[in-house]
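Input: a single structure, listed below in structure tokens.
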Amino acid sequence: MIIQGAQTKEAPKMSINQRVKEIRQAWNLSQAKFAQALSMSNGDVAGIEFGHNHVNDRIIKLICFIFHV
């Protein structure tokens, strides 16, 4: 929450798919290198980032473990 004067504003919400892309970019990795680190295909990562593929708990835990987030 962001407080400005007497008003409060909610910070913009980021989807899990956007967050995955943000993590990959923060590590300066191509989709191919990111996919390799997660033992996934390049297409799977692209699908996640574009919102076509679902991000399940296993992928979230793996990203957290490997990339310390």
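The values are calculated or read from the model by the stated rules, or taken from the named source; none is laboratory data. Everything numeric here is computed off the predicted structure, so don't read it as measured data. Counting neighbours? That spans all protein chains shown, and the Cβs are built from the backbone with ideal geometry, glycine included. Just the protein is used for accessible areas: all its heavy atoms, side chains included, with ligands, DNA and RNA removed. Shrake-Rupley method; radii C 1.70, N 1.55, O 1.52, S 1.80 Å.
Scan the stretch 45-69 for residues that are surrounded by 12 or more Cβ atoms within 10 Å (Cβ to Cβ) and out of contact with any Lys or Arg (no Cβ under 6 Å at 6 or more places or on another chain) and the total you get is 14. Here the stretch 16-44 is the region considered, the condition is being open to solvent by less than 50 Å² (accessible area, probe 1.4 Å) and within 10 Å of the chain's Cα centre (by Cα), and the residue that is farthest from residue 65 (Cα to Cα) is 17.
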